[in-house]
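**Student:** Quick one: structure below, then a few questions.
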Amino acid sequence: MMQPHQATAVEVGGRAVLIEGPPGIGKSSLALALIDRGARLIGDDGVMLEARAGRLIASPHPNTRGLLEVRNLGLIEMPVREDAAVALVISLDRQAPRFIEAGQSVELCGIALPLIAMWSDSPVLAIRAEIALERFGLPES
């Protein structure tokens, strides 16, 4: 059963990255930077989640499908990836630790996922997110 979830999601190389954090912390900005680097939008500020065959699948939310909020410009239409298995949850947090040896874990819809807290105020956040996906993300299914 699909359920709505307050987060932004993009597909990077066949795997979904779920971006969480409080309003205004930069979820949409990180998504935009990743899209600029070749990612595809799944959903901004709301996605649908469903456990399927042991994986968590992220899909566009019907109310915001294909729309990305670009600060100072408004809602911009973007091509959409219909669904992808979530491989990593990134929690944008200004108190994120500077160094980690391993990721944390979070459970969504009964599926355990790796979670990385990242400091949001960085000009290279998209690059760091891609490195986190490579180092800590679940493999493509």
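**Student:** Checking Q6 against (1) out of contact with any strand residue (DSSP E or B) (no Cβ under 7 Å at 6 or more places or on another chain); (2) closer than 14 Å to I131 by Cα, which single condition isn't satisfied?
**Tutor:** Every listed condition holds for Q6 apart from (2).
**Student:** Take A53 and decide whether it is farther than 22 Å from V124 by Cα and among the small types (G, A, S). Break it down into steps so the answer makes sense when it comes.
**Tutor:** Working: farther than 22 Å from V124 by Cα: yes; among the small types (G, A, S): yes.
Considered against the rule, which asks whether it is farther than 22 Å from V124 by Cα and among the small types (G, A, S), A53 comes out as yes.
**Student:** Are any residues in the range 101-141 exposed (fewer than 12 other Cβ atoms within 10 Å of the Cβ), over 22 Å from I35 (Cβ atoms), in contact (Cβ under 8 Å) with a residue 40 or more places away in the chain and not small (G, A, S), and if so, which ones?
**Tutor:** Correct list: P139 only.
**Student:** Can you list residue pairs whose Cβ atoms sit under 6 Å apart, with the first residue in the range 61-79 being in contact (Cβ under 8 Å) with a residue 40 or more places away in the chain and under 14 Å from G26 (Cα atoms) and the second being in a strand (DSSP E or B) and of a type in the set (A, V, I, L, M)? Count only pairs 6 or more apart in sequence or on different chains.
**Tutor:** L68/L41; L68/I76; E69/L75; V70/I76
**Student:** Quick one: count up the residues across the range 38-60 that are in contact (Cβ under 8 Å) with a residue 60 or more places away in the chain and either crowded, with 22+ Cβ neighbours inside 10 Å or closer than 13 Å to T8 by Cα (or both).
**Tutor:** Residues that pass the stated criteria total 1.
**Student:** A further question on this structure: Within the range 75-100, how many residues turn out to be modelled with pLDDT of 95 or more and exposed (fewer than 11 other Cβ atoms within 10 Å of the Cβ)?
**Tutor:** Number satisfying all stated conditions: 2.
The values are calculated or read from the model by the stated rules, or taken from the named source; none is laboratory data. This is a predicted model, so every value here is computed, not measured. Here Cβ is always computed from backbone atoms with ideal geometry, including for glycine, and neighbour counts include all displayed protein chains.
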